[in-house]
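Okay, so here's the structure we're looking at.
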Amino acid sequence: MKFKKLLLLSIFLLSVISLSGCKFPELFYKTPSLKEVQQEEVKTKVIMPDLNGLTYSQAVDITDSIPLIVTKQYNDKVKKNKIFWQSVKSGEEISIGTPVDIVISKGVQMIEIPNVSDMDYLAAQTVLKSLGFKVKIKYQHKWGIESGDIISMSPQESIKIPYGSTVKMTVDAVSPKERVSEEKTQ
């Protein structure tokens, strides 16, 4: 008997709900308002933070919803293991999950000075410049050495120095300026 009363009560309630215009699924699911939808969309976007100067682990801590794609490059102006470039500018709004490229400094690139002592100074200068060194030449005449030969070099071969550093060569020759003035007097 109790079961019949419970069944009749349930049917009655469903009939009343149905007659009131309410659909059965809406009892369990509320359609969100436009404001709620807009607020939800905001949660799918993030503002890109400035990662410059941070380490990788610091960047991961503040960008937990942004995958980071890492490249490492030598940089003589940024300390080793610090970020110095990001593909998305800080302050830009991006969707959660959008990958962002970052470049982390490998520090200053150290280059070994090659043995160029057997070369003519012009060939040696070309080799050193191709490796990224600046070359400063001092002309000096030394008896017993052929013109154009390298008398000394600083720093010496096999030493590693930062990319872009200056290598000083002392060359047996009359400087181009003196040579021009000698030619004018002859």
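Looking at the structure I just gave you, is Val116 of a type in the set (A, V, I, L, M) and closer than 30 Å to Lys79 by Cα?
Answer is no for this residue.
Give, as residue ranges, the strands (runs of 3 or more DSSP E) completely inside the range 44-155 that count at least 2 residues that are outside the structural domain of Asp172 (by TED's automatic domain parsing) and over 30 Å from Val171 (Cβ atoms).
Strands (runs of 3 or more DSSP E) meeting the threshold: 45-47, 68-73, 83-86, 93-95, 100-105.
Might you let me know whether the range 129-144 holds any residue that is surrounded by 13 or more Cβ atoms within 10 Å (Cβ to Cβ), more than 30 Å from Thr71 (Cβ to Cβ) and of a type in the set (Val, Ile, Thr)?
Yes: one or more hits.
The values are calculated or read from the model by the stated rules, or taken from the named source; none is laboratory data. Only a predicted model underlies this, so the values are computations on that prediction, with no experimental measurement involved. All Cβ positions, even for glycine, are placed from backbone atoms using ideal geometry, and neighbour counts span all protein chains on display.
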